[in-house]
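Trainee: The structure that follows is given in the form of structure tokens.
The values are calculated or read from the model by the stated rules, or taken from the named source; none is laboratory data. Keep in mind that this is a model prediction, so the values were computed, not measured. Every residue, glycine among them, receives a Cβ derived from its backbone with ideal geometry; neighbour counts consider all protein chains shown. Side chains included, ligands, DNA and RNA excluded: accessible areas come from the protein's heavy atoms. Shrake-Rupley method; radii C 1.70, N 1.55, O 1.52, S 1.80 Å.
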Amino acid sequence: MFRYYKQGFTIFKQFAGESIGYVFLMLFLYALLLVTSTNRFANAIVYTLFAPLSFGLSLFLYRFEKTGASRFSNLFDGLRHHFLSINILFFFQSIVFSVIFSSLNLIDVEMLNSFVTSKGAMKISNEQMLEVLNAVQYAMGIFLVINILLGFSPYFLYFRNQGVITALNSSIQFGVKNLFGIISLNIQILFLNILGLLPCFTGLFVTIPMSIFMYYIFFKEHSIPMVSDQSTNT
């Protein structure tokens, strides 16, 4: 169980500077997303940068493993390769989220609240119940849809040079085949990042890169051959 932690931390120590710089970069982009949230056009531009850069650390590690050398600029390889495809993937995932969340409209919150109260639970308002349902559904949506079924689609896109539809299909098949392994991996990563929150969030500068490396290692071990000979060496 702990070997992914060990391998992820070993890689982090090797590329500590690049890893920490990457986290700063992603936090900066996330801050821009918040700042531009009232301007849809500006927000959309930042989001198109956020999508490919979110895969930058994996591309950095792949470049190093393939050539024996890697530079900080390789974190931006996602902007130079498959830029449109990765944004289409993220857009598709957003649509899936919207479909999942809209299912809340099918739930009779008042009936559910009455059922919970009848079991001896404390009475809460329908608005509070709806907030609970939103939180639970959001967590389940992230876990089930992104991490298990669709989470590895960028890996097939970049490392297998597959198209968007093929990458989504490959990711679903990969997720079903390695269901329990991915669930275990996500539990480990969740626990790791909870620990990263403890020292005033500073631990996230270590745990976030480690999480990305752990995903990369898992894909590498369970998807043979790992990569095709695609042109990502510019």
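Trainee: List, please: which pairs have Cβ atoms under 6 Å, are six or more places apart or on different chains, and start with a residue in the stretch 88-100 that is over 18 Å from GLY78 (Cβ atoms) and end with one that is not hydrophobic (A, V, I, L, M, F, W, C)?
Mentor: If the second residue must be not hydrophobic (A, V, I, L, M, F, W, C), the pairs left are PHE97/GLY141; ILE100/GLY141.
Trainee: Something else about it: LEU84 is checked against (1) more than 19 Å from ILE217 (Cβ to Cβ); (2) surrounded by 14 or more Cβ atoms within 10 Å (Cβ to Cβ); (3) at pLDDT 85 or above; (4) not small (Gly, Ala, Ser) and fails just one. What number does that condition carry?
Mentor: It is condition (2) that LEU84 fails.
Trainee: From LYS220, LYS177, which residue is at pLDDT 90 or above, of a type in the set (Lys, Arg) and under 25 Å from HIS82 (Cα atoms)? Before the answer, list the steps.
Mentor: Details: LYS177 fails: under 25 Å from HIS82 (Cα atoms).
That would be LYS220, the only listed residue that is at pLDDT 90 or above, of a type in the set (Lys, Arg) and under 25 Å from HIS82 (Cα atoms).
Trainee: Sticking with this one: Out of the residues in the stretch 178-222 meeting the condition of being among the small types (Gly, Ala, Ser) and in contact (Cβ under 8 Å) with a residue 24 or more places away in the chain, tell me which one is least open to solvent (accessible area, probe 1.4 Å). Can you show your working first?
Mentor: To start, the set of residues in the stretch 178-222 that are among the small types (Gly, Ala, Ser) comprises 181, 184, 196, 203, 211.
Still in the running and in contact (Cβ under 8 Å) with a residue 24 or more places away in the chain: 181, 184, 211.
Details: GLY181: 31, SER184: 53, SER211: 11 Å².
If we take residues in the stretch 178-222 being among the small types (Gly, Ala, Ser) and in contact (Cβ under 8 Å) with a residue 24 or more places away in the chain, then SER211 is least open to solvent (accessible area, probe 1.4 Å).
Trainee: Taking the options ASN39, ASN74, name whichever one is open to solvent by 30 Å² or more (accessible area, probe 1.4 Å) and either out of contact with any Asp or Glu (no Cβ under 8 Å at 6 or more places or on another chain) or without any contact (Cβ under 8 Å) to a residue 40 or more places away in the chain (or both).
Mentor: When all the criteria are applied, what remains is ASN39.
Trainee: Something else about it: Scan the stretch 137-154 and give yes if some residue there is under 27 Å from ASP77 (Cβ atoms), open to solvent by less than 70 Å² (accessible area, probe 1.4 Å), modelled with pLDDT of 90 or more and not in a helix (DSSP H, G or I), otherwise no.
Mentor: Checked the stretch 137-154: at least one residue is under 27 Å from ASP77 (Cβ atoms), open to solvent by less than 70 Å² (accessible area, probe 1.4 Å), modelled with pLDDT of 90 or more and not in a helix (DSSP H, G or I).
Trainee: Being touching a residue at least 24 places away in the same chain (Cβ under 8 Å), within 24 Å of ILE182 (Cβ to Cβ) and either open to solvent by 100 Å² or more (accessible area, probe 1.4 Å) or among the hydrophobic types (A, V, I, L, M, F, W, C) (or both) is the filter here, so list the residues in the stretch 1-36 that pass it.
Mentor: Across the stretch 1-36, the qualifying residues are MET1, PHE9, ILE11, PHE12, VAL23, MET26.
Trainee: Mind telling me which of the residues PHE55, PHE64, PHE92 ends up being at negative phi, open to solvent by 50 Å² or more (accessible area, probe 1.4 Å) and modelled with pLDDT of 90 or more?
Mentor: One residue alone meets the criteria, PHE64.
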